[in-house]
Amino acid sequence: LHSCGLTIDGEIACWGADVFGQRAAPAGPFIAVGVSGAASCGLRADGQIACWGSGPVVEAVPDGGFDALSVGSAHACALDSKGGITCWGNNDYAQLLAPVNDGFQAISAGERHSCALGATHEITCWGAGSDEQACVPLH
């Protein structure tokens, strides 16, 4: 139960609960920030990701080359410059089984699923589909 924001000079400011150290952002500059219950992550201009706090999102942060970041409940996904997706963290609902093709333009990680916007504006989702998150074909 915390939030973070990006300041105009690229620093990350966090507030709210700090039970797991999820408000203790490292020094910037950053170009994006994402939060989950027990962790926070920031994307640096050089494509490297830094995560802090506790849990599976913090334990296996991939090496850089990323342009976008989204943090879900207990997993996170990042988009590289070719439109490829890398996900890490908890995989209890197959939320790490990202599509292997390139060309995605945006990524969004949810509670137990993730979705990506393709080059021709199609939506691809994976992970938990109990509420049909992974089953809605939007074109």
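The C-beta contact set for region 25-42 (first residue in contact (Cβ under 8 Å) with a residue 60 or more places away in the chain, second residue of a type in the set (Gly, Ala, Ser), distance under 9 angstrom, 6+ apart or interchain) comprises Gly34/Ser40; Gly34/Gly42; Gly34/Ser70; Gly34/Gly72; Gly34/Ala76; Gly34/Ala109. Restricting region 3-17 to residues that are touching a His at 6+ places or on another chain (Cβ under 9 Å) and open to solvent by less than 70 Å² (accessible area, probe 1.4 Å), the residue that is modelled with the lowest pLDDT is Ala17.
Among the residues examined, Leu117 does not qualify as in contact with a strand residue (DSSP E or B) (Cβ under 6 Å, 6 or more places away or on another chain), surrounded by fewer than 17 Cβ atoms within 10 Å (Cβ to Cβ) and of a type in the set (A, V, I, L, M).
The values are calculated or read from the model by the stated rules, or taken from the named source; none is laboratory data. In this text, all values refer to a predicted model and were calculated from it rather than measured experimentally. For neighbour counting, all protein chains shown are included, and Cβ atoms are generated from backbone atoms with ideal geometry for every residue, glycine included. Just the protein is used for accessible areas: all its heavy atoms, side chains included, with ligands, DNA and RNA removed. Shrake-Rupley method; radii C 1.70, N 1.55, O 1.52, S 1.80 Å.
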